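The values are calculated or read from the model by the stated rules, or taken from the named source; none is laboratory data. Here the structure is a predicted model, which means the values were calculated and not measured. Cβ placement follows ideal geometry from the backbone for every residue including glycine, while neighbour counts extend to all protein chains displayed. Just so you know, the surface numbers come from the protein's heavy atoms only, side chains and all, with ligands and any DNA or RNA stripped out. Shrake-Rupley method; radii C 1.70, N 1.55, O 1.52, S 1.80 Å.
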Amino acid sequence: MNEFALIDKIKKKIPKNLQGPLGIGDDAGGLKAPKGHEIVWTVDAMVEGIDFLRVEKSKKRLGALSPEQAGRKALAINLSDLAAMGAKPLGCVVSLGIPPNMPEKWVLRFYDGLITFAKQYKTACVGGDITSAPKFFASVSLAGSAPAKSLVRRSGAKPGHGIAVTGALGGSLRGSHASFTPRIEEACFLAQSFKPSAMIDISDGLLQDLGHILESSKAGAEIEMGEIPISKDAARMANRNPMKAVERACTDGEDFELLFTVPASNKQKLTKVWQRKFPEVPLSWIGRVEKQKGVRWTFKGRKIRAPQFKRLGFQHFR
Ligand SMILES: [Mg+2]
């Protein structure tokens, strides 16, 4: 594989209007942020054999990705992180490590997946880097922006605030870990209209990511088990065992849904507006923030013992 020829082919795939204000070809790419916006940045790497498997090598393994899926996911996981901040994407740079035996075609198809998705989310691809590596990896760094006052962080949850989650959770390994929709639109709407006190995207699993919010906010929570939205895939993987299904929804991870808190006084209005604005995306109120650290559980309003899950969170193939 010739590095410069490959870079040229990749460059030709990226439409001019997605190359940023400077175009591709300088030592650094450029981005323009809307006036009055803050810049936020995120980066996430996917390593073959650790974070994902290649379809060609393992046709039947659950969770294996085609090159197009890998390209889509490499960008999508970063878009989900921007969504968690209430930010919109501006542009990305992509760093690839390519193993010696990898066909050029695989890399080009990876970019096809990434660019198709970048077009959908109006995300510029302003540059990148290619190196050789023992295993394939892709590291995408994504910049985004939001008005300073609508940026949402993990640290603002206050006792009494309601805890909400979008979508349905668990069983992502059956497919949604690769095909999920980053909740950019929903998150920006939330950030601008309802100012969540804390927000995160669920990558490590509901409980682990809730833990991140509670730790940053120096608070605890009460969670209503009966309100946790369980995906069809989680129920199927749990063989319809309800407790196993809850465990999957709480700990599988890679759901890439939004978990956020808002003042209780906003719950009713948000629920109403949400149903009208995002009829396809369920919104579930799963509990409330409390002063006392740790998580207490209820089921249909009654206190229950905390479920003993085998793991707190899950990382694919680790
Ligand atoms: Mg995240």
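Please name whichever of ILE230, TRP274, LEU214 sits farthest to the positive end of the charge dipole of segment 201-279, dipole taken about the Cα centre and charges placed at Cβ: Lys and Arg +1, Asp and Glu -1.
After comparing all options, I get TRP274.
In debye to the nearest 20, how big a dipole does the chain give about its Cα centre with +1 on each Lys and Arg Cβ and -1 on each Asp and Glu Cβ?
Computed charge dipole of the chain: roughly 1080 debye.
In Å², and per residue, what accessible area does segment 101-253 have when probed at 1.4 Å with the other protein chains present?
38 Å²
Grab the eigenvalues of the alpha-carbon gyration tensor for segment 81-130, scale each by 5, take roots, and send me the semi-axes largest first in whole angstrom.
25, 12, 9
Sum up the charges of everything whose Cβ sits under 15 Å from the Cβ of LYS244, counting Lys and Arg as +1 and Asp and Glu as -1, but leave LYS244 out.
That works out to +4.
May I ask for the distance between the Cα centers of segment 173-245 and segment 247-318, given as a whole number of Å?
Taking the Cα centre of segment 247-318 as reference, the centre of segment 173-245 is 6 Å away.
Label LYS218 and PHE278 with points 7 Å out from Cα along Cα→Cβ: what is the distance between them in nm?
Roughly 3.0 nm, to one decimal.
Would you mind checking the pairs LYS35/LYS122; LYS158/LYS272; LYS244/LYS272; LYS158/LYS244 and listing those with alpha carbons more than 25 angstrom apart?
LYS244/LYS272; LYS158/LYS244
First obtain the Kirkwood hydrodynamic radius of segment 98-246 from its Cα pairs, then insert it into the Stokes-Einstein equation at 4 °C and 1.567 mPa s, and state the resulting D in µm² per second as a whole number.
Value of D from the Cα-based Kirkwood radius: 70 µm²/s.
Set the Förster distance to 51 Å, then compute FRET efficiency between TRP297 and LYS9 from the Cβ-Cβ distance, nearest 0.05.
The calculated FRET efficiency here is 0.40.
Along the Cα-to-C-beta direction of SER265, a point sits 7 Å from the Cα; which residues of segment 148-188 have their amide N less than 15 Å from that point?
From segment 148-188, the list is 158-162.
Which value does Rg/Rh take for segment 163-318 over its C-alpha atoms, Rh per Kirkwood?
Result: Rg/Rh = 0.94.
Over 10 Å intervals from 0, what percent of Cα-Cα pairs in segment 37-139 sits in each interval?
The distribution over segment 37-139 is 15, 49, 28, 7, 0, given as percents.
How far apart, in nm, are two points set 7 Å out from the Cα along the Cα-to-Cβ line at MET1 and at TRP285?
Placing both labels 7 Å beyond Cα along the Cβ direction yields 5.1 nm.
Calculate one ³J(HN,Hα) per residue across segment 294-300 by plugging θ = phi - 60° into the Karplus curve 6.51 cos²θ - 1.76 cosθ + 1.60, and present them in order as whole Hz with x for glycine and proline.
Result, rounded to whole Hz: x, 10, 9, 10, 10, 9, 6.
In whole Å, largest first, what are the principal axis extents of the Cα atoms in the chain?
64, 48, 33
Taking every DSSP beta bridge that has both residues in the chain, what percent is antiparallel when rounded to the nearest 5?
Around 70 percent of the beta bridges assigned by DSSP in the chain are antiparallel ones.
Rounded to a whole number, what % of the accessible area of segment 10-89 do carbon and sulfur atoms account for, probe 1.4 Å?
55 percent
Which trypsin sites (Lys or Arg not before Pro) from segment 141-245 combine a DSSP loop assignment with at most 14 other Cβ atoms within 10 Å?
The qualifying sites are LYS218, ARG240.
Using a cut-off of under 18 Å, list every residue of segment 19-39 whose amide N is near the label point 7 Å from the Cα of LEU151 along the Cα-to-beta-carbon line.
31-39
How large, in percent, is the carbon and sulfur part of the accessible surface of segment 197-274 at a probe radius of 1.4 Å?
In segment 197-274, the share of accessible area belonging to carbon and sulfur is 48 percent.
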